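Working notes, structure below.
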Amino acid sequence: MTEFASYPSLTGRRAFVTGGATGIGAAITRNLCHQGTAVCFLDIDHENGEALAEETGAQFAHVDVTDITALQDAIGDFGAVDILVNNVANDTRHDWRTLTSDDWDARFAVNLRPSFFAIQSVADGMIARGHGSIINIGSISWKVKHAAMPAYTTAKSAAHGLTRSFVRILGPAGVRVNTVMPGWVMTERQKTEHFDHEGAKQLAAAQPLRGLIAPEDAAALVAFLAADDSAMCTGQEFTIDGGWT
Ligand SMILES: NC(=O)c1ccc[n+]([C@@H]2O[C@H](COP(=O)([O-])OP(=O)(O)OC[C@H]3O[C@@H](n4cnc5c(N)ncnc54)[C@H](O)[C@@H]3O)[C@@H](O)[C@H]2O)c1
């Protein structure tokens, strides 16, 4: 397995990760803990959250991000945050013909709203300390015109607007905001729910690089953006999709 880079500037930093119990969020949690970063992650998956906390030494908060008060309380309980990774999402497929306005709101309540309110919680502290890195996890799904989850793809496209909305607010204080846009990343959920024979064929046709993107590959990019090595990068989109888009 590839050994990923270590970043001295991440040692002793403090990171908050949403949706960190499984998938890409868990890989981000593992990577940052490996860097010597103090990590708190939240999730609704209690079992995997507890197990990952035990494995990595990260703090786990059982919080549903649709509850903004609980989200902001969890961030407040953790204390100073140097790195915020807005990772949580739910890509459950849905039919545009039958989606109700409640369904639409529920999907935005997971896939977009928590990111803004997490930034709201950490920004003043980052400004006061004169540094910080916020990473919003987007998706190439809207770019490749994925047709089976329009509320998700629309919310994910807004990650870019959210990132760029904060660049001038936070930049003068030394706080950076970037978007990471993954292609098809082989999390357990993708492998069990979506990556079948047909999916593999579609991926091979769409993605010029052979091989599959692992959650650890996406986490490595997040670590770079969290670290001072990317000190002059802000307001940008960093795509990890094997060349798909
Ligand atoms: N896996 C991919 O192929 C892929 C592709 C493009 C973008 N992304 C993006 O990467 C990020 C991580 O995706 P993933 O594939 O690892 O997702 P995942 O579904 O595997 O994991 C998401 C995590 O969020 C948690 N979660 C879901 N709803 C929650 C809620 N209401 N409150 C708290 N926690 C909740 C889940 O329990 C899970 O641990 C997301 O922003 C996603 O949009 C993933």
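Computed from the coordinates by the stated procedures, all read-outs in this text should not be read as laboratory data. All values reported here derive from a predicted model rather than from experimental measurement. Neighbour counts run over all protein chains shown; Cβ positions are idealised from the backbone, glycine included.
Quick check on my filter: what residues within the stretch 55-91 are surrounded by 15 or more Cβ atoms within 10 Å (Cβ to Cβ), part of a loop (DSSP other than H, G, I, E, B) and not acidic (Asp, Glu)? Within the stretch 55-91, Ala58, Val63, Val65, Thr66, Val81, Asn87, Val88, Ala89, Asn90 meet the criteria. Among the residues of the stretch 232-245, those that are hydrophobic (A, V, I, L, M, F, W, C) and touching a residue at least 12 places away in the same chain (Cβ under 8 Å) comprise Cys233, Phe238, Ile240, Trp244. Evaluating Leu71 against the criteria (1) within 23 Å of Thr187 (Cα to Cα); (2) in contact with a Pro (Cβ under 6 Å, 6 or more places away or on another chain) leaves one unmet condition, (1).
Consider Ile28 carefully, then state whether it is in contact with a Pro (Cβ under 6 Å, 6 or more places away or on another chain) and more than 18 Å from His131 (Cβ to Cβ).
Working: in contact with a Pro (Cβ under 6 Å, 6 or more places away or on another chain): no; more than 18 Å from His131 (Cβ to Cβ): yes.
The answer is no for Ile28.
Consider Ser115 carefully, then state whether it is under 21 Å from Asp45 (Cβ atoms) and in a loop (DSSP other than H, G, I, E, B).
Working: under 21 Å from Asp45 (Cβ atoms): yes; in a loop (DSSP other than H, G, I, E, B): no.
It is false that Ser115 is under 21 Å from Asp45 (Cβ atoms) and in a loop (DSSP other than H, G, I, E, B).
Tell me whether the stretch 55-62 contains one or more residues that are in contact with a helix residue (DSSP H, G or I) (Cβ under 7 Å, 6 or more places away or on another chain) and within 9 Å of the ligand (Cβ to nearest atom). Within the stretch 55-62, one or more residues are in contact with a helix residue (DSSP H, G or I) (Cβ under 7 Å, 6 or more places away or on another chain) and within 9 Å of the ligand (Cβ to nearest atom).
Here is a yes/no grid of residues against (1) of a type in the set (Phe, Trp, Tyr); (2) under 19 Å from Asn31 (Cα atoms); (3) surrounded by 17 or more Cβ atoms within 10 Å (Cβ to Cβ):
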position	(1), (2), (3)
Thr192	no, no, no
Glu198	no, no, no
Ala214	no, yes, no
Ala218	no, yes, yes
Ile240	no, yes, yes
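Residue count for the stretch 144-157, restricted to those that are surrounded by fewer than 19 Cβ atoms within 10 Å (Cβ to Cβ) and either assigned to a helix (DSSP H, G or I) or within 13 Å of the ligand (Cβ to nearest atom) (or both): 5.
Filtering the stretch 188-219 to residues that are polar (S, T, N, Q) and closer than 19 Å to Trp142 by Cβ leaves Gln190, Gln202, Gln207.
Only helices (runs of 4 or more DSSP H) whose full extent lies in the stretch 158-242 are considered here, and the ones with at least 1 residues that are within 21 Å of Tyr7 (Cβ to Cβ) are 215-226.
For Arg189, the conditions (1) in contact (Cβ under 8 Å) with a residue 24 or more places away in the chain; (2) of a type in the set (Lys, Arg); (3) closer than 27 Å to Gly235 by Cα are fulfilled apart from (3).
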